[in-house]
Amino acid sequence: MYKKLTIFSILFVLMDQVVKMLVSNFIPYQGEIKIIPNFFYITNVHNEGAAWSLFSGNVFILALLGLVALLLIYYFFIKGKELNKWEILLYSLLIGGITGNFIDRIFLGHVVDYIGVILGSYYFPIFNIADIGIVVSVFMMIIFSIREELVCKKSKLQKK
């Protein structure tokens, strides 16, 4: 189980880093390639903060928070537990996403973001594959947790 988790996490980090390298090498800084006009584009921007550029300029603190998050995830959610296939996948995405952005912060001093989405007149904050892994995994974990809680409550009601 830990072997699968490690392999999937590493593969996700490699995919993230390869795409960031390609973007950095082939798209000029702040340049963009329109994929679907007025909806989807690839760009090359540097984010020195967290989501929506929050805490910009605090690269060391954000890198440290990423490291602490990885340790807490392992200690509270993974260590000593038997994970099912969905948990392995979701923790792999989470760990891979945090690690991908951590690597950028340590070696570049910023995170490379490149996926741009426009919804009407709203330009959604630019993000990357690592961010997708983090958001999707957390969202799915919340859904699974709520679902599990509802199943437990239903089971308790049926016993009464």
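List of remarks:
- Only residues that are open to solvent by 30 Å² or more (accessible area, probe 1.4 Å) and touching a strand residue (DSSP E or B) at 6+ places or on another chain (Cβ under 9 Å) were counted across region 111-124, and they come to 2.
- Every condition in (1) in contact (Cβ under 8 Å) with a residue 60 or more places away in the chain; (2) assigned to a helix (DSSP H, G or I); (3) within 28 Å of residue 34 (Cα to Cα); (4) hydrophobic (A, V, I, L, M, F, W, C) holds for residue 95 except the one numbered (3).
- Residue match in region 30-37 (condition: within 16 Å of residue 127 (Cβ to Cβ), assigned to a helix (DSSP H, G or I), open to solvent by 90 Å² or more (accessible area, probe 1.4 Å) and not charged (D, E, K, R)): no
- Filtered by the rule that a residue be open to solvent by 90 Å² or more (accessible area, probe 1.4 Å) and free of Cβ contacts under 8 Å to residues at least 24 places away in the same chain, region 3-27 gives 3, 14, 21, 25, 26.
- When residue 82 is tested against (1) assigned to a helix (DSSP H, G or I); (2) among the acidic types (Asp, Glu); (3) open to solvent by 30 Å² or more (accessible area, probe 1.4 Å), exactly one condition is not met: (1).
- In region 56-74, the residues that are within 12 Å of residue 110 (Cβ to Cβ) reach residues that are open to solvent by less than 50 Å² (accessible area, probe 1.4 Å) and among the aliphatic types (A, V, I, L, M) with C-beta atoms within less than 6 angstrom, at least six apart or across chains, in these pairs: 62/50.
The values are calculated or read from the model by the stated rules, or taken from the named source; none is laboratory data. Everything numeric here is computed off the predicted structure, so don't read it as measured data. Here Cβ is always computed from backbone atoms with ideal geometry, including for glycine, and neighbour counts include all displayed protein chains. All accessible areas refer to the heavy atoms of the entire protein, side chains included, with ligands and DNA or RNA removed. Shrake-Rupley method; radii C 1.70, N 1.55, O 1.52, S 1.80 Å.
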